[in-house]
Amino acid sequence: MNHSTVVTAIEVGVSEALHQPVTGLTDDTRLFEDLHLDSTTSLELLMAMEDTFGLLVDPETLDMDDFRTVGTFAAFVLREIAAQQGHEVRP
């Protein structure tokens, strides 16, 4: 799994959560300020990542810093994938 694949999945998840096409996301795109996600749509995005990558994320362990930008969220998803597959994530 690579960063680009996760960013593409985030575009799909955000598009589904916002019920409108979202393209051209960069690592610096802010989820709340630029894309106007809220608590409900951010959970929908998280569930889309769970479905896409077969993850199971405990909401109690979420850190809002992971939801600052597309880049921080992609890094979070990659860490979760690696952790659940028993691999270490290398920067």
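Values computed for the structure shown
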read-out	value
Test: residue in region 19-27 that is within 23 Å of Ala83 (Cβ to Cβ), β-branched (Val, Ile, Thr) and open to solvent by 40 Å² or more (accessible area, probe 1.4 Å)	no
When residues of region 33-46 are limited to those that are more than 15 Å from Val6 (Cβ to Cβ) and aliphatic (A, V, I, L, M), the one most open to solvent (accessible area, probe 1.4 Å)	Leu43
Pro91 at pLDDT 95 or above and part of a loop (DSSP other than H, G, I, E, B)	no
Selection within region 55-90 - more than 20 Å from Leu18 (Cα to Cα) and open to solvent by less than 60 Å² (accessible area, probe 1.4 Å)	Leu55, Val57, Leu62, Ala75, Phe76, Leu78, Glu80, Ile81, Ala82
Residue match in region 74-82 (condition: of a type in the set (Phe, Trp, Tyr), touching a residue at least 60 places away in the same chain (Cβ under 8 Å) and in a helix (DSSP H, G or I))	no
Where a residue in region 1-21 is hydroxyl-bearing (Ser, Thr, Tyr) and its partner, wherever it lies, is open to solvent by less than 30 Å² (accessible area, probe 1.4 Å), with Cβ under 7 Å and at least six apart	Ser15/Val22
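The values are calculated or read from the model by the stated rules, or taken from the named source; none is laboratory data. Not measured: the values here are computed from a predicted model. Glycine also receives a Cβ, built like all others from the backbone with ideal geometry; neighbour counts cover every protein chain displayed. When the accessible area is computed, the model is the full protein with side chains, heavy atoms only, and any ligands, DNA or RNA have been set aside. Shrake-Rupley method; radii C 1.70, N 1.55, O 1.52, S 1.80 Å.
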